Amino acid sequence: MHHFTSRDGVLHCEDVSLETIAAEVGTPVYVYSTATLTRHWGVFTGALKDAGLDATVCFATKANGNVAVLRTLADLGAGADVVSGGELFVARHAGVPADRIVFSGVGKTRDELAYALDEGIFQINVESKSELEMLDAVAREKGVKAPIAIRINPDVEAGTHEKITTGKFDNKFGIAWTQAHALYRKAAGMDGIAVKAIAMHIGSQIADLSPFDAAFGRMRDLLAILRRDGIEIERLDIGGGLGVPYDREGDPTPMPPADYARVIARNLGDLGCRLVLEPGRLITANAGVLLSRVVHRKEGATRSFLICDAGMNDLARPAMYDAFHAIEPVRAPAPGVENEHVDVVGPICESSDVFGKQRALPPMQAGDLLVFRTAGAYGATMSNMYNGRPLVPEVLVKDGEYAVVRRRPTWQEMIALESPAPWQG
Ligand code: LLP
């Protein structure tokens, strides 16, 4: 459910017309709904509560790292899952307390680990022996104990896109569950390490419950082994990954949070462990759209093209994963106007800069506005300045108000970090 609906034929975000935002802020621009963020947060945490689960929910910052979005979630009680010193900085800046922040990722550096310890972070999810040894050394230098989970790789097929599958042995993520016991033993004997948890994350946009079932089973087994060995585990971090509907015909409908919560409760609810969850997409995807204007309409030899002012640099998912985003005109067509089939593309000089091929849309012309839906997760965070295009701005709506929460950089700002080499005068 979301709060982007048509009123008098014009798409609104809550009570604000997208035509107003386009006119006042310019396009392309990401637009987020506070009401949708709040609702998704409530549905997800409510489902966990209803299933009797005691959980800390850490929003995966990589899905949407905008400070105002993070602040909205932090005010609702969210923690954060971060994957770099930069994300940790943003989360702290947005007001997420350090004791609700989990640090994931395979390539944490010594400096990032030191920063996390200085902040008093809740949990560091260790992904290799090398990282464990580095963390132990950093913590000992500081005279502290680093609270850790070891992220296990349960070797399960998540049934999602290959590029967002993370829980197979061929993936770089986690410690093979078959090797985890040995690493826990090592960790338990280290002066700079406090073993707290087992972690996992098997992939993203998962529509089906069975991969979770399989992975939770592995977690349960490992917990029993560790407990037999006298290694105390207080909590289980089960990552994120729950899929959302992108509204493509034929796609499986992802399970609702209540079903997911029941599977968690059935597998992990009776183990005396607190749960940690790291949802990203589920919280923000349908809380955002990318609003764009058609710059040109072109009649090709075999098809028509709508060339938009948003490109693959602003929303990379279609080009990277062949991802589907529903495309809708901001102004509803007059009654009786028939759809046509067009290719919706961006201005970037790459053939992969295509948002949708042969999409059924009412006839649109240069100057018309459209939205790419379900763009609130992995949209702005994955944007870049390819082809000399400044980063896309972001707007947060609340009821009848909106605020520009990341403004569009100027061209001067786009090159502000660059300079000629000294020998170039
Ligand atoms: N925890 C960890 C350790 C993760 O690696 C991720 C996502 C999450 C949590 C959140 O997963 P979610 O609930 O959002 O599925 N750029 C891709 C998605 C990459 C996901 C990477 N990890 C996309 O646009 O589809």
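Summary table below
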| quantity | calculated |
| --- | --- |
| Scan of segment 223-238 for residues that are within 16 Å of the ligand (Cβ to nearest atom) and out of contact with any helix residue (DSSP H, G or I) (no Cβ under 9 Å at 6 or more places or on another chain), ordered by number | Arg235, Asp237 |
| Lys129 vs. criteria among the basic types (Lys, Arg) and modelled with pLDDT under 95 | no |
| Members of segment 241-284 that are within 11 Å of the ligand (Cβ to nearest atom), out of contact with any Phe, Trp or Tyr (no Cβ under 8 Å at 6 or more places or on another chain) and either β-branched (Val, Ile, Thr) or farther than 20 Å from Pro211 by Cα (or both) | Val244, Val276 |
| Residue within segment 246-254 that is in a loop (DSSP other than H, G, I, E, B) and either hydroxyl-bearing (Ser, Thr, Tyr) or crowded, with 24+ Cβ neighbours inside 10 Å (or both) present | yes |
| Number of the exception - Val342 against (1) closer than 30 Å to Gly241 by Cα; (2) surrounded by 13 or more Cβ atoms within 10 Å (Cβ to Cβ); (3) without any contact (Cβ under 8 Å) to a residue 60 or more places away in the chain | (1) |
| Search result, residues across segment 163-211 that are more than 24 Å from Gly241 (Cα to Cα), touching a helix residue (DSSP H, G or I) at 6+ places or on another chain (Cβ under 8 Å) and part of a loop (DSSP other than H, G, I, E, B) | Met190, Asp191, Gly192 |
| Residue match in segment 49-57 (condition: surrounded by 24 or more Cβ atoms within 10 Å (Cβ to Cβ) and of a type in the set (A, V, I, L, M, F, W, C)) | no |
| Residue within segment 23-30 that is surrounded by 18 or more Cβ atoms within 10 Å (Cβ to Cβ), in contact (Cβ under 8 Å) with a residue 40 or more places away in the chain, within 20 Å of the chain's Cα centre (by Cα) and under 30 Å from Leu88 (Cβ atoms) present | yes |
| Contacts under 6 angstrom Cβ, first residue in segment 287-300 being under 29 Å from Gly65 (Cα atoms), partner basic (Lys, Arg), 6 or more apart | Val289/Arg373 |
| Filter result for Val276 (under 30 Å from Ala323 (Cα atoms), among the aliphatic types (A, V, I, L, M) and outside any loop (DSSP other than H, G, I, E, B)) | yes |
| Criterion (of a type in the set (Phe, Trp, Tyr), surrounded by fewer than 24 Cβ atoms within 10 Å (Cβ to Cβ) and either more than 24 Å from the chain's Cα centre (by Cα) or outside any loop (DSSP other than H, G, I, E, B) (or both)) met by exactly one of Phe305, Phe324 | Phe305 |
| Candidates Lys62, Lys49 - the one that is outside any helix (DSSP H, G or I), at pLDDT 95 or above and of a type in the set (Lys, Arg) | Lys62 |
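Here's the yes/no breakdown for (1) within 16 Å of the ligand (Cβ to nearest atom); (2) buried (at least 22 other Cβ atoms within 10 Å of the Cβ); (3) within 24 Å of Pro279 (Cα to Cα):
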residue	(1), (2), (3)
Gln123	yes, yes, yes
Ala149	yes, yes, yes
Pro154	yes, yes, yes
Lys163	yes, no, yes
Lys168	yes, no, yes
Ile193	no, yes, no
Met200	yes, yes, yes
Asp221	no, no, yes
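The values are calculated or read from the model by the stated rules, or taken from the named source; none is laboratory data. Values in this document were obtained by computation on a predicted structure and should not be read as measured data. Here the Cβ is made from the backbone with ideal geometry for all residues, glycine too, and neighbour counts use every protein chain on show.
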